[in-house]
Amino acid sequence: MKYFLIILFLSLISCTQHDTTSYTAKDAEERFTKSYPDLKIDAIEKINNSFFEILIGEQIFYLTADLNYLLAGNIIDINSGINLTQQKIENFRLSVLNTLDENDIIVYKPKKIDHVITIFTDVSCPYCKKLHNEIPDLLENNIEVRYVLFPRNGIDDDAYINMASLWCSENKKDLLEMAFDGDFIEEAKCENPLEKHLDLAYSLRVNGTPMIFTEDGKVIPGYVPYKQILNTLNN
């Protein structure tokens, strides 16, 4: 399938490289929206004389310059071997993660920081607890862990109540430990960032927990042992 997309991409280039049309990004947006009115475009730009690049969340599409053909797939720079599509997605993730307010997350800082990871976690998720138990190992290896509390089942769930309640405490980390252990968290109400985190997760296509984002925008989905996280960060 991968080779088919590459061949299709090259054939589209050959068909469009001599196109003399002068459609703008606005024209491309109108053409796309007319065909797919239910999809919200986050960004659109003309990346060369052959294609417009359309960003919808973490999905990227390419519309030919004549506005006649839509391509879903990866564009790879044949000289450098860089996957330009994946690079764009990673940059998008970073732009979203950079909107996180440090006051809205729980941070575990080592004495020396070599890498930073951001984890969407849910106290009712057993694999989140398993990963949480490895935080001392991550800290020992100079990895800063930034927790985004994410109620994966929405706000009508006991996990949401637990995470919202622990957020109201001055000892958030202590109550987080209790919540992961299944201990009772006395319900408390205060302003919390959990609904913002739901929106953020939607933008990043977070569809399960734990989900780990590296400092360069890569994703490690699901639980993996800390040694595997280290291997990903150091390669």
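Here are the numbers for the structure shown:
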read-out	value
Selection from the range 130-152 of residues that are more than 18 Å from the chain's Cα centre (by Cα), in contact (Cβ under 8 Å) with a residue 40 or more places away in the chain and under 14 Å from Ile212 (Cα atoms)	Lys130, Leu131, His132, Glu134, Leu138, Ile143
Restricting the range 30-77 to residues that are of a type in the set (Asp, Glu) and more than 27 Å from Ala201 (Cα to Cα), the residue that is nearest to the chain's Cα centre (by Cα)	Asp77
In the range 208-230, the residues that are touching a Gly at 6+ places or on another chain (Cβ under 8 Å), surrounded by fewer than 22 Cβ atoms within 10 Å (Cβ to Cβ) and under 16 Å from Lys129 (Cβ atoms)	Gly208, Gly222
Some residue of the range 92-101 being surrounded by fewer than 12 Cβ atoms within 10 Å (Cβ to Cβ), in contact (Cβ under 8 Å) with a residue 60 or more places away in the chain and not basic (Lys, Arg)	yes
Filtered residues of the range 37-47 (kept if outside any strand (DSSP E or B) and either among the aliphatic types (A, V, I, L, M) or closer than 22 Å to Phe92 by Cα (or both))	Asp38, Leu39, Lys40, Ile41, Asp42, Ile47
Hits in the range 48-98 - residues which are closer than 30 Å to Val116 by Cβ and part of a loop (DSSP other than H, G, I, E, B)	Gly57, Glu58, Asn74, Ile75, Asp77, Ser80, Gly81, Ile82, Asn98
Selected residue (only one of Ile56, Ile78, Ile105, Ile60 is surrounded by 16 or more Cβ atoms within 10 Å (Cβ to Cβ) and not assigned by TED's automatic domain parsing to the domain that holds Asn207)	Ile60
Which listed residue is in contact with an Asp or Glu (Cβ under 6 Å, 6 or more places away or on another chain) and either surrounded by fewer than 16 Cβ atoms within 10 Å (Cβ to Cβ) or within 16 Å of His132 (Cβ to Cβ) (or both), from Ala159, Ala188, Ala179	Ala159
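The values are calculated or read from the model by the stated rules, or taken from the named source; none is laboratory data. Computed from a predicted model, the values in this text were never measured in an experiment. Every residue, glycine as well, gets a Cβ built from its backbone with ideal geometry; the counts of neighbours run over all protein chains shown.
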